[in-house]
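K.L.:
My questions all concern the structure below.
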Amino acid sequence: MPDELLAVENLNGYYGSAHVLQGVSFTMGDEPIAVIGRNGMGKSTLCAALTGLLDKADGSVRFGGRELMGMPAYRIAATGIGFVPQGRRLFPSLTVEEHLKLVAGRGNGKRWTPKRIYELFPRLEERKKNGGGQLSGGEQQMLAIARALLLNPKLLIMDEPSEGLAPAVIEELLETIRGLAAEGTSLLVVEQKLGVATALAERQLVMVGGQIAAETTAQELQNDPDAQRRYLGVEPIATEE
């Protein structure tokens, strides 16, 4: 289909002899989608396979019609896929400014520059001389997002972006991510927090045992307590009267 941005077909992924991803298939266009599921269901392995960071994988991953399977991670990034990994993976001894300089100018296009990053995240400019290890959890997540944006991606893949953050920080982060989507950046967000996943994407893919077990919508999932328990192992999220 011409409107497909990402097409994943029969994707398998392995850690040693463990067959973690088992025939994952889905497509997406410009709309944001969320992949949800409990811990250990293969969500982070999916991110690694899509971005070339998984040593052993097979199947097909096409981005803009181009086959990515077998490409190294740096070449996949150059096609227009940005990745915000779980745990941020920053260098504790490098300053904010040094993190951005490592990436600036390597991406396609000139939309995102360090200057624009500082406009998006004023706190990073205030702390640009601080090392990654001196930042708060929210500031570290800002820097991880900034680093990915400097590649000027068409698609931003985010693995557990709300992990370890306070509720007020999560709300600020959600506003920023929604703003990026509104400006035209496609989003694939992996989350286990239902409230975060449904706030960012109407389309929801549920992972169970390394497979896409169901596809649903944010509204349907919010209104289905049994599905929340079955897929996420949590009590239903509160809804407003």
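K.L.:
Within segment 12-40, how many residues are free of Cβ contacts under 8 Å to residues at least 60 places away in the same chain and aliphatic (A, V, I, L, M)?
P.N.:
Matching residues across segment 12-40 total 1.
K.L.:
Restricting segment 181-196 to residues that are surrounded by fewer than 20 Cβ atoms within 10 Å (Cβ to Cβ) and of a type outside the set (Lys, Arg), which is farthest from PHE121 (Cα to Cα)? Before you say what the answer is, go through the steps one by one.
P.N.:
Of the residues in segment 181-196, the ones surrounded by fewer than 20 Cβ atoms within 10 Å (Cβ to Cβ) are 181-184, 193, 195.
Keeping just the survivors that are of a type outside the set (Lys, Arg) gives 181-184, 195.
Numbers: ALA181: 16, ALA182: 17, GLU183: 16, GLY184: 18, GLY195: 23 Å.
Among those that are surrounded by fewer than 20 Cβ atoms within 10 Å (Cβ to Cβ) and of a type outside the set (Lys, Arg), it is GLY195.
K.L.:
With respect to the numbered conditions (1) touching a Leu at 6+ places or on another chain (Cβ under 7 Å); (2) touching a residue at least 40 places away in the same chain (Cβ under 8 Å); (3) more than 30 Å from ARG229 (Cβ to Cβ), which one is the sole condition not fulfilled by ALA7?
P.N.:
It fails just one condition, (1).
K.L.:
Looking at VAL206, is it touching a residue at least 12 places away in the same chain (Cβ under 8 Å), part of a strand (DSSP E or B) and in contact with a Cys (Cβ under 9 Å, 6 or more places away or on another chain)?
P.N.:
So VAL206 fails the test.
K.L.:
Name, by its number, the condition in (1) of a type outside the set (Asp, Glu); (2) under 19 Å from GLY184 (Cα atoms); (3) in contact with a strand residue (DSSP E or B) (Cβ under 9 Å, 6 or more places away or on another chain) that does not hold for PHE121.
P.N.:
Only one criterion in (1) of a type outside the set (Asp, Glu); (2) under 19 Å from GLY184 (Cα atoms); (3) in contact with a strand residue (DSSP E or B) (Cβ under 9 Å, 6 or more places away or on another chain) is unmet by PHE121, namely (3).
K.L.:
Which residues, taken from segment 19-57, are within 24 Å of ARG230 (Cβ to Cβ), surrounded by fewer than 17 Cβ atoms within 10 Å (Cβ to Cβ) and aliphatic (A, V, I, L, M)?
P.N.:
Within segment 19-57, no residue meets the criteria.
K.L.:
Would you say ARG89 is within 24 Å of SER136 (Cβ to Cβ), modelled with pLDDT under 95 and assigned to a helix (DSSP H, G or I)?
P.N.:
Details: within 24 Å of SER136 (Cβ to Cβ): yes; modelled with pLDDT under 95: yes; assigned to a helix (DSSP H, G or I): no.
So ARG89 does not fit the description; no.
K.L.:
If you don't mind, another one. Considering only residues that are in a strand (DSSP E or B), touching a residue at least 12 places away in the same chain (Cβ under 8 Å) and surrounded by fewer than 20 Cβ atoms within 10 Å (Cβ to Cβ), look in segment 58-72 and name the one that is nearest to the chain's Cα centre (by Cα).
P.N.:
Taking segment 58-72 and keeping what is in a strand (DSSP E or B), we get 58-63, 66-67.
When the remaining residues are screened for being touching a residue at least 12 places away in the same chain (Cβ under 8 Å), the result is 58-63, 66.
Add one more test, that the residue is surrounded by fewer than 20 Cβ atoms within 10 Å (Cβ to Cβ), and what stays is 58-60, 62, 66.
On the way: ASP58: 21, GLY59: 21, SER60: 19, ARG62: 17, ARG66: 20 Å.
My answer is ARG62.
K.L.:
Next question. Exactly one condition in (1) within 22 Å of GLY52 (Cα to Cα); (2) among the aliphatic types (A, V, I, L, M); (3) in contact (Cβ under 8 Å) with a residue 24 or more places away in the chain is not met by LEU173; state its number.
P.N.:
(1)
The values are calculated or read from the model by the stated rules, or taken from the named source; none is laboratory data. If you're wondering where the values come from, they're calculated on a predicted model, not measured in any experiment. Note that each Cβ is placed from the backbone with ideal geometry, even for glycine, and that neighbours are counted across all protein chains shown.
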